[in-house]
Every structure is written in C-alpha cells, then in structure tokens.
Amino acid sequence: MNENLFTPFTTPTLLGLPAVMPIIMFPTLLFPTSKHLINNRLITIQQNLTQLILKQMMTTHNTKGQTWSLMLMSLIIFIATTNLLGLLPHSFTPTAQLSMNLAMAIPLWAGTVFTGLRFKTKNSLAHFLPQGTPTPLIPMLVVIETISLFIQPVALAVRLTANITAGHLLMHLIGSAALALMTMNFLATSLTLIILMLLTILEIAVALIQAYVFTLLVSLYLHDNT
C-alpha cells in the first residue's frame, strides 16, 4: 500500500477547505426524532437506552448535579457515534485528534471546578490539603494537589486520543499485512483476516467504552464539586 500510516489521522479537505465541522455535525443526523404521539420501534429503543444510561449516570448526583444531564448525555452520544463512524473505511475520526479532545475536556472540567468553587467553596479548597497533614508537608501537598487538579483534563483527552489512535493504527497495520500476504500464503492471509475481524469487534467495544469512560469521569468530577 502506498498510503501513509498516519493518513487516517490527517484532516480531510473539501474544495480546499477543512471538512472537520461537517464531519463533527454529521452524527446528529443519525438520530431520528418523531413528531407522532406513538413512536416507532427505533425511536423507542433509542429513548430507552438514553434513559437507562442517564439513570445509571445521574443516580449519585444531587439536584444541582442533575442539571448537567442534557450536557452529559449529549457528550456520550457524540463521542460514541464519532468513534463508531471513524471505524468505517475512508472515514475520519475527530476524537483521534488531541486538540479535539482537549477542546471537549477543558471546558467541561473547568465548568465542574467553577461550580465547586461557587457552591462548595470550603469543600473544594479543602481538597488541596488533606486533613491531618503535618505542617512541614503542607506547601508540598498543596503544590501536588494543584498539579493533579490541572492534569485531569489532559488525562481525559490523552486517554481518549491514545485508545482511539492505537486501535486505528493496529487495524491499519494488520490490514496492510493481510494485503501483503494475499499473494504469498493463503493460510496466513486467512488467519490475519480473522485477527482483523476480531480486532474490529474489539474496536467497536472500545469506541463505546471510551465514550462512557470519558463521560463518567466528567460526571465524577461534577459529583465531587456539587
């Protein structure tokens, strides 16, 4: 194959213009809405899954935290659909870009922190200094807790980027190996294709799990600050 290994991660262009925004907005077209009194089966399944995920995620939150329900559900649906669409051939995965993930992680993390500073100021500031800390260690622990706080959005973005990128690269390498072995050994090609199919199934699971993990961590940050 003449295709570069990192070609799937390059930003696509349309008529010389970046096509990222249409790609990001495309998943919203995949979820139908109904204006009828009785919904069809597809919309019913969609609503039941949404209610199940929302109930599981919002169980531990108080009234203030439950106001983020729409934001968190929109986030998990967007990340999951974007990850799944990125598995299609000749497609582009925005969540494989660190800049894209940082653009999601930083505002959400900052919103949870500002919410905590506004409504639970004492508890939020108390996280910087655990109770019973010896006096000589106070400055060091405050610095460490501050660094760990600011690392949270970076960890969110890097975790999602690394998992999506690693899976796509592995699929690309195994697909290239299967294409190269096609003219050499039929048995080796068959085994490679089986591995590729199993890896594809694994990547579908990873795409959904990473969307859930990203949203769950944001939900936990929100729970600590509300």
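The peptide list 147-154, 24-31, put in order of mean Cβ contacts within 10 Å with the highest first, becomes 147-154, 24-31.
I'd like the carbon and sulfur percentage of the solvent accessible area for the chain, probe radius 1.4 Å, heavy atoms only, ligands and nucleic acids excluded. Solvent-exposed carbon and sulfur of the chain make up 73 percent of the total.
For the chain, what number of Lys pairs, 8 or more residues apart or on separate chains, have alpha-carbon atoms under 26 Å from each other?
Step by step, the pairs that qualify in the chain add up to 5.
Residue separation of LEU129 and LEU198 scaled by 0.36 nm, minus their Cα-Cα distance, works out to 20.1 nm of gained length. Put a dot 7 Å past the Cα of HIS223, heading toward its Cβ, do the same for GLN66, and the two dots end up 1.6 nm apart. Pairs of Cα atoms in segment 141-208 fall into 5 Å distance bins, from 0 up to the last occupied one, in shares of 3, 16, 17, 14, 11, 10, 8, 7, 5, 4, 3, 1, 0 percent. Here the label points at SER99 and ILE151, each 7 Å from Cα along the C-beta direction, are separated by 2.6 nm in the simple model. Report summary: the helix-based calculation at 222 nm, which adds -39500 (n - 2.57) for every DSSP H run with n ≥ 4 and divides by the residues of the chain, gives -23500 deg cm²/dmol. Taking only the C-alpha atoms of segment 7-225, the Rg (one decimal) and the largest Cα-Cα distance, Dmax (whole number), read 21.7, 71 Å. Using the 1.4 Å probe convention, the accessible area of the chain works out to 64 Å² per residue with neighbouring protein chains retained. The tail of the calculated P(r) for segment 29-121, taken as Cα-Cα distances beyond 23 Å, holds 43 percent of the pairs. In terms of its C-alpha gyration tensor, segment 67-107 has an oblate overall shape, because the principal axis ratio a/c (a ≥ b ≥ c, square roots of the eigenvalues) is not below 1.5 and a/b does not outweigh b/c. Within segment 86-105, name every residue whose backbone N is under 19 Å away from a label modeled 7 Å from Cα of LEU179 along the Cβ vector. Of the residues in segment 86-105, 86-93 have backbone N under 19 Å from the label point off LEU179. For segment 102-226, the relative contact order works out to 41 percent when only alpha carbon pairs closer than 8 Å and six or more residues apart are counted.
Of PRO94, PRO107, PRO139, the residue with the greatest mean-square motion in the GNM of the chain, using alpha carbon springs below 10 Å, is PRO139. If the viscosity is 1.567 mPa s and the temperature 4 °C, what translational diffusion coefficient in µm²/s does Stokes-Einstein give for segment 87-165 when Rh comes from Kirkwood over Cα pairs? So the translational diffusion coefficient is about 88 µm²/s. Using the Cβ-Cβ distance between LEU52 and LEU141 with R0 set to 25 Å, the FRET efficiency from 1/(1 + (r/R0)^6) comes to roughly 0.05.
The values are calculated or read from the model by the stated rules, or taken from the named source; none is laboratory data. Bear in mind the structure is a predicted one, so any value in this text is a computation, not a measurement. For neighbour counting, all protein chains shown are included, and Cβ atoms are generated from backbone atoms with ideal geometry for every residue, glycine included. Ligands, DNA and RNA are stripped out before the accessible areas are found, and what is left, the full protein with its side chains, is counted by its heavy atoms. Shrake-Rupley method; radii C 1.70, N 1.55, O 1.52, S 1.80 Å.
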